[in-house]
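Step one of this worksheet: look at the structure below.
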Amino acid sequence: DFKQTLGYVTKNEAQFAQMTVYETLVFSARLRSDNPNEAFMQFRIFWILKLLNLSHTADTIVGDALMRGLSGGEKRRLWFACEAVAQHRVLVADLPTNGLDAPSALSLFQHLRFFADQFGMSVISSMTQASPEILSLCDTVLLMCKGSCIYFGPVSKVESHLAAQGFPRPKT
């Protein structure tokens, strides 16, 4: 049952470049479902496309380095959508914002936050140098330094904890 509970979104997902966004999601849903109800699957795919702002790309090919297709941010959202059609309760993402510009990274996390709230699922993500805007979308944070935990708790208390440890926020 564990594989049905946990979905993993890697940093470099491999998709079929020639398939459209919609075909990719149908393939993922059929591959992972024991007994797919076609009508429910179609509804879920279109709902996920809408929630992750991918509806306009449904007929666009995914693309790769040689074939023009989705943008980097759209590909990242598609990778999350592929896991979402499998109806996981927890999504784990490995560096989902790497390679994205700041607005695309923020947009991805805004969509993930809304998506997680709508489906009642948890999203666990590793990040380096998260912006304050992205950090504000998280509930809990684990800060690590050289492999050791330096803070674990609510995002709202990170700054005061670090200031108490002698690391106040620099004045800008």
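Every number in this text was worked out from the coordinates using simple rules, so none of it is lab data. Model, not experiment: these values are computed from the prediction. When we count neighbours, we look across all protein chains shown, and the Cβ atoms used for this are built from the backbone with ideal geometry, even at glycine.
Enumerate the residues in the stretch 49-66 having an amide nitrogen under 14 Å from the point lying 7 Å beyond the Cα of Q18 toward its Cβ.
Within reach of a label on Q18: 61-64.
Which value, in Å to one decimal place, does the Kirkwood hydrodynamic radius take for the stretch 41-172 when every pair of different Cα atoms is included? Mind showing how you got there, number by number?
Working: mean 1/r = 0.0607 Å⁻¹.
After inverting the mean inverse Cα-Cα distance, the result is 16.5 Å.
Rounded, prolate or oblate: pick one for the stretch 101-145, where a ≥ b ≥ c are the square roots of the eigenvalues of its C-alpha gyration tensor, a/c under 1.5 means rounded, and failing that, prolate if a/b is larger than b/c, else oblate.
Details: a/c = 2.24, a/b = 1.22, b/c = 1.83.
Oblate shape, in that a/c is at least 1.5 and b/c is the bigger or equal ratio.
So which lysines pass the test for K75, namely a Cα distance under 25 Å, with those fewer than 8 places away in the same chain ruled out?
K3, K11, K50
Using alpha carbons only, how many angstrom separate the centre of the stretch 101-138 from the centre of the stretch 33-74?
Using only Cα atoms to place each centre, the spacing works out to 19 Å.
Please identify, among Q118, Q42, Q15, the residue showing maximal mean-square fluctuation in a Gaussian network model of the chain using a 10 angstrom Cα cutoff.
Of the options given, Q118 has the highest mean-square fluctuation.
Between T5 and K171, what is the FRET efficiency for a Förster distance of 41 Å, r being their Cβ-Cβ separation, to the nearest 0.05?
Numbers: r = 45 Å, r/R0 = 1.10.
Computed FRET efficiency for T5 and K171: 0.35.
So which aspartates and glutamates can K157 reach, going by Cα to Cα under 15 Å and dropping same-chain residues fewer than 8 places off?
Partners within reach: D139.
Provide the packing ranking of 74-84, 144-154, 94-104, i.e. peptides ordered by the mean count of other C-beta atoms within 10 Å per residue, highest first. Can you show the working numbers first?
Values: 74-84: 23.9, 144-154: 10.0, 94-104: 15.5.
Taking the mean over residues of other Cβ atoms within 10 Å, the ranking is 74-84, 94-104, 144-154.
Return a whole-number percent for the relative contact order of the chain, with Cα pairs under 8 Å and 6 or more residues apart as the contact set.
Once divided by the residue count of the chain, the mean separation gives 23 percent.
Please say if the stretch 74-115 is rounded, prolate or oblate, where rounded means a/c under 1.5 for a ≥ b ≥ c the square roots of the C-alpha gyration tensor eigenvalues, and otherwise the choice is prolate for a/b larger than b/c and oblate otherwise?
Values: a/c = 2.02, a/b = 1.77, b/c = 1.15.
It is prolate, given that a/c is not under 1.5 and a/b is the larger ratio.
Classify the stretch 129-172 as rounded, prolate or oblate from the Cα gyration tensor: take a ≥ b ≥ c as the square roots of its eigenvalues, call it rounded if a/c is under 1.5, otherwise prolate when a/b beats b/c and oblate if not. Don't skip to the end; give the middle numbers.
Numbers: a/c = 1.44, a/b = 1.03, b/c = 1.40.
Rounded, because the longest to shortest axis ratio a/c is under 1.5.
For every helix of n ≥ 4 consecutive DSSP H residues, a contribution of -39,500 (n - 2.57) applies; sum these over the chain, divide by its total residues, and give [θ] at 222 nm rounded to the nearest 500 deg cm²/dmol.
Values: 7 runs with 72 residues, N = 172.
Helix contribution divided over all residues of the chain: -12500 deg cm²/dmol.
Looking at the calculated P(r) for the stretch 46-91, what percent of the C-alpha pair distances fall above 12 Å?
Details: 639 of 1035 pairs.
Result for the distance tail: 62 percent.
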